[in-house]
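What follows is a short report on a single structure.
The values are calculated or read from the model by the stated rules, or taken from the named source; none is laboratory data. Everything numeric here is computed off the predicted structure, so don't read it as measured data. As a convention, Cβ positions derive from the backbone with ideal geometry for all residues, glycine included, and neighbour counts pool all protein chains shown.
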Amino acid sequence: MGSKDKAIRFRAIAVDGRRSTVWKVFAGNRSSDIYLLTRPLGEQAKTSLHESGKWRTAFLNQELADRFLEPGADRAFDKFSEPTEEVAPGWVEAYTVVLPDSELQPYAQETSKGAVVDLPSPGPGGAVVVTLLLGRADAEPPALQPGQQPVGSFALSDQRTARLVAEPSVMPDHLREAVAGTRVQAREAALARGLDLAVAHPVHPLIWGDPAGNRMVVETAAWPVTPSDGVAP
């Protein structure tokens with residue numbers, strides 16, 4: 001599936017109706033910069049994969065950064081470079097979004113300006129893993145591996161291709177432990193800032209990376225919302 005407006009939206013859906021937030025991967029019409037965000041965080045921070053190869057995740061302004069980081073800290077809190085190792089001829093793995101089944105919640109239906117690709121969650125202990133691949137203009141699309149499904153693709157201004165693929169996966173122990181720790185930290189930070197947990201959106205990104213430039217973000221329900229909390233599914 002290609003996208004003429006250079007935007008792809010997706011979310012994970014469980015059989016009981018729980019879902020992740022809607023994620024959006026998009027590019028501008030006049031550049032080959034790619035952006036990733038999810039709506040609850042899109043007014044605070046986003047990931048920018050610049051055509052120059054200098055990539056980062058940053059708060060949108062310094063005022064927001066000062067709320068979450070040390071005063072005066074660089075609002076671009078994660079800087080990294082485009083990976084050079086190819087996962088298929090002409091293709092690099094640019095970014096990964098992990099949507100664990102344990103973090104899916106009965107959110108109210110989100111409205112969206114474009115179509116949203118629903119990805120079935122594999123169930124307890126699992127996650128939907130969505131990978132963004134970047135390919136050279138002359139690169140053949142990589143073959144889908146068993147269990148993978150296409151999410152969408154679009155051409156960039158420099159003739160490269162951005163392609164998203166999804167697959168079910170088992171959450172490894174180290175990620176489950178990291179998610180649990182992130183939830184505790186997010187809750188403590190929210191309470192320290194005086195946030196009302198009854199109205200604050202229960203999403204927090206856990207960013208995992210290495211010096212080679214490989215990055216993943218795990219959507220974490222910082223304080224899980226259930227129908228018993230008075231929030232309609």
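Only one residue in 41, 60, 64 is at pLDDT below 80, within 21 Å of residue 98 (Cβ to Cβ) and of a type in the set (A, V, I, L, M), so which one is that? Full working, then the answer.
On the way: 60 fails: within 21 Å of residue 98 (Cβ to Cβ); 64 fails: within 21 Å of residue 98 (Cβ to Cβ).
None of the other options fit; the residue is 41.
The set of residues in the stretch 76-92 that are of a type outside the set (Gly, Ala, Ser) and either crowded, with 19+ Cβ neighbours inside 10 Å or out of contact with any Ser or Thr (no Cβ under 6 Å at 6 or more places or on another chain) (or both) comprises 77, 79, 80, 82, 83, 84, 85, 86, 87, 89, 91, 92.
Answer yes or no as to whether residue 183 is under 21 Å from residue 44 (Cα atoms), in contact with a His (Cβ under 9 Å, 6 or more places away or on another chain) and of a type in the set (D, E, K, R). Give the steps one after another, and end with the answer.
Numbers: under 21 Å from residue 44 (Cα atoms): yes; in contact with a His (Cβ under 9 Å, 6 or more places away or on another chain): yes; of a type in the set (D, E, K, R): yes.
Spelling it out, residue 183 is indeed under 21 Å from residue 44 (Cα atoms), in contact with a His (Cβ under 9 Å, 6 or more places away or on another chain) and of a type in the set (D, E, K, R).
Being within 20 Å of residue 7 (Cα to Cα), assigned to a strand (DSSP E or B) and of a type in the set (Phe, Trp, Tyr) is a condition met by no residue of the stretch 72-90. Note on the stretch 172-187: among residues that are among the basic types (Lys, Arg) and at pLDDT below 90, the one that is surrounded by the most Cβ atoms within 10 Å (Cβ to Cβ) is 183.
I'd like the full set of residues that are of a type in the set (D, E, K, R) and crowded, with 21+ Cβ neighbours inside 10 Å, limited to the stretch 6-17.
Filtering the stretch 6-17 for residues of a type in the set (D, E, K, R) gives 6, 9, 11, 16.
Those that are of a type in the set (D, E, K, R) and crowded, with 21+ Cβ neighbours inside 10 Å: 9, 11.
Does residue 99 fit the bill of being surrounded by 14 or more Cβ atoms within 10 Å (Cβ to Cβ) and part of a helix (DSSP H, G or I)? I'd like the intermediate steps shown before the answer.
Values: surrounded by 14 or more Cβ atoms within 10 Å (Cβ to Cβ): yes; part of a helix (DSSP H, G or I): no.
No, not satisfied.
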